[in-house]
Amino acid sequence: MKKIIFFPYHPDIRTIIDFKNDLVNYEISGVISYKEDQHLIEPLNRAIGVYIDDCDELISACDAIILLDNYRDYHFEKYLQVIDSARKKNKQVIITPLALIQLRQKYNIENFLVLEKYPKDYLSSSEVNTASVRTSLRRNSIPIIAILGMGINCDKFYVQLLTNQALRQRYKIASINSNALGTLFDNYTLPSFLYDSMQFQEKIFRFNEYFDFVARESNADAIIIGIPEGIAPFDVQEFHHFAEYPLIISKAVFIDIAIFCSYLLNGSEFEIGLKDIIEKSQIKFEVPIAAYAMSRTIFEIPNDENEKIAFDHLEGNYLERTYPSLAFSAYPALNLLNLESAKEIILECIQKLANNVEAM
């Protein structure tokens, strides 16, 4: 069991702590961050029974440190300090793919273990780095459950881990996760070519091929695919690559059912807007949406187009007061404040695949 600490603070750490018992070969031993994040990391450390606040002590007590994305554009010098401290103590340094790209834009750095998992045959295949591309799509025989959403920061990572947790007691499940931290749960990583400058059609064929590698290696009863970003652009600032990723994945493989993740909505946005969004998504991506999950995140689009969209990850009493009742929703709803109920709904949705795969 490898003891890991995280740097810097990132909202996804809360998700990892919530699912800490599902980690595969890893154990969380702490969180460190910038000084101004003390009020954020202290409750995280206390939640896992860590009462040490000194960074050097936490680094000394771990086996590896995982460097996370700099999603707030803080100064990168602290990353270099943490890396230097870890290496002086002979600790392994693991980095998310995005964090590595961010650091290399500023510094000439090498010798990192990137947090990712690919099928072994895929990595060894000569087709990975050649121009050889399929010219036809193979129909997948394994049921696929997709997790897609309105945009970034709408709990897709959380819902994918929850779906995996709900299903694995009955079925053999494999996951392809849109979040690199899914690797800590033995999830496969989305292939990097999705984010490359490559023809749209080529990405579709390549993903169809990548899915085959995952299906063969995992020998799973069903595969969960987390789809990055969102199903449509916002008016300003965040364009979600104009829904490129859900379009590619939904064309590359046949998705049997999907769970749709929305931001936290209330009033008419919830009752009318969400239903409209789900119906349009089903038509646009040809994906049957079996349920939706109301995330714990709200967002605010700024008046100044030079400012970034603000995401607020709600928690505690304020979240409980703000979270809407989902009892009379037009679609089956996953209440993320009632996980046992949410898992029951996931299992009910999976029953819809019974006619497709009798072996499940």
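Nothing in this text is a laboratory measurement; each read-out follows from the coordinates by a stated rule. Keep in mind that this is a model prediction, so the values were computed, not measured. Neighbour counts are summed over all protein chains in view; Cβ atoms, including those assigned to glycine, are modelled from backbone coordinates with ideal geometry.
Only beta bridges with both residues in region 120-353 are counted; by DSSP, about 15 percent of them are antiparallel. Put simply, the Cα atoms of region 242-324 extend 40, 32, 22 Å along their principal axes, the longest span coming first.
The residue list Ala86, His75, Ala243 was ranked by how far each Cα lies along the charge dipole of the chain toward its positive end, using unit charges on Cβ atoms, and Ala86 comes out on top.
For region 1-73, taking Cα atoms only, Rg and Dmax work out to 11.3, 32 Å respectively. Residues Ser268, Ser197, ranked from the fewest to the most other C-beta atoms within 10 Å, line up as Ser197, Ser268. Calculated on the alpha-carbon coordinates, the convex hull of region 29-147 measures out at 198 cubic angstrom per residue.
When the listed pairs Lys2/Lys106; Lys251/Lys343; Lys2/Lys89; Lys156/Lys343 are checked against a 20 Å cut-off, the alpha-carbon distance exceeds it for Lys2/Lys106; Lys251/Lys343.
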